[in-house]
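A.B. asks: Right, I'll just put the structure down here and ask away after.
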Amino acid sequence: KAGVTQTPRYLIKTRGQQVTLSCSPISGHRSVSWYQQTPGQGLQFLFEYFSETQRNKGNFPGRFSGRQFSNSRSEMNVSTLELGDSALYLCASSSIPGQGREQYFGPGTRLTVT
Amino acid sequence: DQQVKQNSPSLSVQEGRISILNCDYTNSMFDYFLWYKKYPAEGPTFLISISSIKDKNEDGRFTVFLNKSAKHLSLHIVPSQPGDSAVYFCAAGSNFGNEKLTFGTGTRLTIIP
């Protein structure tokens, strides 16, 4: 069974631009969660989607948004990029929403904002 | 407000010895806890979990201990192997209300051959 895939793996953007990251969950998984990892902050929860609906949301500004398609693939968008948005963005999928132990993570997208 | 804290950013242990990674939490609503392991350029992988109704869970070389009164958990790895060198994240969740996981900042474990 293929794992969680994230594209692109690396991205360099300029302040003020916007970016879209993509995540394809494990086949059959309908829940997708997004996390931001920065040094000293650990993994910070962004949002969770289940069956195309946002089920849960972390404490991030409205510049961070996401969506999920009918095939369970998910995208997250960051508008008006700031230097502090430089981070590793991780996507995780699970068959059961909200169950951390069932989550399988992708390798992440490394975003650098200059 | 960091509700899950891993106060040691790094730890070095001799191969074959015991590795002990610590985690503290502040939210008494957390009722399950997990440890994830992360290698460079890979996503975190689930290692072991414990429910708040238990004080110990063991899986091979890995044991997690939970002290609810102290709001403290620890991961013991015995014996430590070079392949255990990674960043370890502690995470906590609640089955009531908001179910999102809250992660600690991670501890980088280095096993010295």
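A.B. asks: If you scan the range A:56-73, which residues turn out to be under 30 Å from B:Arg108 (Cα atoms) and not in a loop (DSSP other than H, G, I, E, B)? Please lay out each step first, then the result.
C.D. replies: Quick first cut of the range A:56-73, residues under 30 Å from B:Arg108 (Cα atoms) only: A:56-61, A:64.
The answer is A:Asn56, A:Lys57, A:Phe64.
A.B. asks: Out of B:Ser52, B:Ser19, I need the residue that is surrounded by 13 or more Cβ atoms within 10 Å (Cβ to Cβ) and more than 23 Å from A:Gln103 (Cβ to Cβ). Which one? Write out each step before concluding.
C.D. replies: Working: B:Ser52 fails: more than 23 Å from A:Gln103 (Cβ to Cβ).
It is B:Ser19.
A.B. asks: Quick check, is B:Phe96 over 12 Å from B:Tyr25 (Cβ atoms), of a type in the set (Phe, Trp, Tyr) and at the interface with another protein chain (Cβ under 10 Å from one of its Cβ atoms)? Give the derivation first.
C.D. replies: Numbers: over 12 Å from B:Tyr25 (Cβ atoms): yes; of a type in the set (Phe, Trp, Tyr): yes; at the interface with another protein chain (Cβ under 10 Å from one of its Cβ atoms): no.
Spelling it out, it is not the case that B:Phe96 is over 12 Å from B:Tyr25 (Cβ atoms), of a type in the set (Phe, Trp, Tyr) and at the interface with another protein chain (Cβ under 10 Å from one of its Cβ atoms).
A.B. asks: What's the total number of residues in the range A:74-114 that are assigned to a strand (DSSP E or B) and touching a helix residue (DSSP H, G or I) at 6+ places or on another chain (Cβ under 8 Å)?
C.D. replies: Number of matching residues: 4.
A.B. asks: Please enumerate the residues belonging to the range A:1-30 that are exposed (fewer than 11 other Cβ atoms within 10 Å of the Cβ) and within 24 Å of A:Thr112 (Cβ to Cβ).
C.D. replies: A:Tyr10, A:Thr14, A:Gly16
A.B. asks: When you scan the range A:32-55, do you find a residue that is of a type outside the set (A, V, I, L, M), surrounded by 19 or more Cβ atoms within 10 Å (Cβ to Cβ), in a strand (DSSP E or B) and on the phi > 0 side of the Ramachandran plot, even just one?
C.D. replies: Yes, there is a match, as at least one residue in the range A:32-55 is of a type outside the set (A, V, I, L, M), surrounded by 19 or more Cβ atoms within 10 Å (Cβ to Cβ), in a strand (DSSP E or B) and on the phi > 0 side of the Ramachandran plot.
A.B. asks: Let me confirm something: among B:Tyr32, B:Tyr39, which residue is closer than 29 Å to A:Asn56 by Cβ and either free of Cβ contacts under 8 Å to residues at least 60 places away in the same chain or more than 13 Å from every other protein chain (Cβ to nearest Cβ) (or both)?
C.D. replies: Unique residue meeting the criteria: B:Tyr39.
A.B. asks: Quick one: would you say B:Ser80 is within 11 Å of another protein chain (Cβ to nearest Cβ) and hydroxyl-bearing (Ser, Thr, Tyr)?
C.D. replies: Working: within 11 Å of another protein chain (Cβ to nearest Cβ): no; hydroxyl-bearing (Ser, Thr, Tyr): yes.
So B:Ser80 does not fit the description; no.
A.B. asks: If you don't mind, there's one more thing I want to ask. So which residues in the range B:84-113 are more than 16 Å from A:Ala92 (Cα to Cα), touching a strand residue (DSSP E or B) at 6+ places or on another chain (Cβ under 6 Å) and in a loop (DSSP other than H, G, I, E, B), if there are any at all?
C.D. replies: B:Ser85, B:Gly104, B:Thr105, B:Gly106
Each reported figure results from applying straightforward, stated rules to the coordinates on display, with no laboratory input. Not measured: the values here are computed from a predicted model. With ideal geometry, Cβ positions are generated from the backbone for all residues, glycine too; neighbour counts draw on all protein chains shown.
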